[in-house]
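Colleague: The structure under discussion is supplied below as structure tokens; questions concerning it will follow.
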Amino acid sequence: MSTLSADTEGWLSFGKQDMMVFILVMSLTGLQNAFTEIMPEFTVGPLELGVGGFIFIPIVLVLLFRTYWAAVAVPVGEIVFGEILLGEFDGLGAMEGLLLIPVCYYFAAKLLQDPENTTQLAIVVFLAEALEEFFATFIDIGKVYIGVEELEAVPGLPESIIVLEGVDFLTQLLITGILFGVIPALYLYPKLHGKVEPLLGMEPFEGERGGSMWHGFSPKALLAVLITFPLAFVAEAASEVGGAVNVVWEPEFLATFGQSYIVVPIVVSAIVASIVWYRATQTA
């Protein structure tokens, strides 16, 4: 069986293993996203607390395979199984996640240099979510300031977009970043590391025992983050303005068929993931 090391390949190299990884990550991300749709939200005073996603699943997969294509598969899975199959697709609106999530996840994943170091693992998982949420927060603030979106005041909180978005940013870091990110990832990553990658024809990342995170710092990856942020803002602002060149498909299947329709993306994503896993185990 031929294997490849993700860290020795170029960013955009794309082979058979990359395709398998891409489809697996895409389907599992779509699966967790579909389950997130049925999770209840709770109200605590003026705050609405909800799970932004079980991000430990996509970030652990990105950490295992350490390729840019694995990171790209994360937002693609959300778009395909969480938007298109639910009939809630806004082309330009989907660009924010499609642009920001891969570069933020990939930049953070490269920083993990010692797979057995739980402190590094916790920092990397938290940083991946924090970066994406940070830029998304500034995009939401910017849309209000340039006038393409109105401020939605929350009773009990000052009518300031900075305060509102800041509070939401912190609650998402706590709930999504820590409770459904860092904590489960600390358990899941060591369990899967070295066991899943060979099945897809990839060498497990061995890293360096006691290696510094600075060894994984990539100026190119950081530059990609900084370039992508304004592009994501322009795309999101354009989607709010309307009238621009856009692809919108909104039959809103959930509203038409009821909450039971959520079983469709769950079943489809589970089937796709199962097929990929079966083929991988048969050819390993």
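Colleague: Given the Cα-Cα distance of LEU223 and ILE146 and 0.36 nm per residue of separation, how much length would full extension add, in nm?
Modeller: Values: separation 77, 0.36 × 77 = 27.72 nm, distance 2.53 nm.
Length gained, LEU223 through ILE146: 25.2 nm.
Colleague: Run the simple label-point estimate for ILE271 and GLU250 please: 7 Å along Cα→C-beta, distance reported in nm.
Modeller: For the pair ILE271/GLU250, the computed spacing is 2.9 nm.
Colleague: Pick out, in residue order, every one of the chymotrypsin sites (Phe, Trp or Tyr not before Pro) in segment 216-284 that is DSSP loop and has at most 13 other C-beta atoms within 10 Å; say none if there are none.
Modeller: Numbers: sites: PHE217, PHE233, TRP249, PHE253, PHE257, TYR261, TRP277, TYR278; in loops: PHE217.
Here the chymotrypsin sites (Phe, Trp or Tyr not before Pro) that fit, given the DSSP loop and packing criteria, are PHE217.
Colleague: Here is a further query. Would you mind finding the longest exposed-site-free stretch of the chain, with exposed trypsin sites (Lys or Arg not before Pro) meaning DSSP loop and at most 16 other Cβ atoms within 10 Å?
Modeller: Values: sites that count: LYS195, ARG209.
Between the exposed loop sites, the longest stretch runs 1-194.
Colleague: Leaving ligands, DNA and RNA out of it, work out the accessible area of ILE178 with a 1.4 Å probe and give it in Å² to the nearest 10.
Modeller: Rounded to the nearest 10, the figure is 60 Å².
Colleague: Search the structure for amide H atoms under 5 Å from the amide H of ASP114, placed 1.01 Å from N in the peptide plane, and list their residues when 5 or more places away or on another chain.
Modeller: Those qualifying (amide H under 5 Å, at least 5 residues apart or on another chain) are GLU208.
Colleague: Could you work out what % of the accessible surface of the chain is carbon and sulfur, using a 1.4 angstrom probe and leaving DNA, RNA and ligands out of the count?
Modeller: Numbers: 9030 of 13760 Å².
The nonpolar share, carbon plus sulfur, comes to 66 percent.
Colleague: Describe numerically, in nm with one decimal, the distance between label points set 7 Å from Cα along Cα→Cβ at GLU116 and at VAL234.
Modeller: Taking the simple label geometry, GLU116 and VAL234 are separated by 4.8 nm.
Colleague: Any idea what the alpha-carbon Rg over 2.2 N^0.38 Å comes to for the chain? Walk me through the intermediate numbers first.
Modeller: On the way: Rg = 19.1 Å, N = 284, 2.2 N^0.38 = 18.8 Å.
My calculation over the Cα atoms of the chain gives 1.02.
The values are calculated or read from the model by the stated rules, or taken from the named source; none is laboratory data. The structure presented is a predicted model; accordingly, all values stated were derived computationally and were not measured. Reconstructed Cβ throughout: ideal geometry from the backbone, glycine too, with neighbour counts over all protein chains shown. All accessible areas refer to the heavy atoms of the entire protein, side chains included, with ligands and DNA or RNA removed. Shrake-Rupley method; radii C 1.70, N 1.55, O 1.52, S 1.80 Å.
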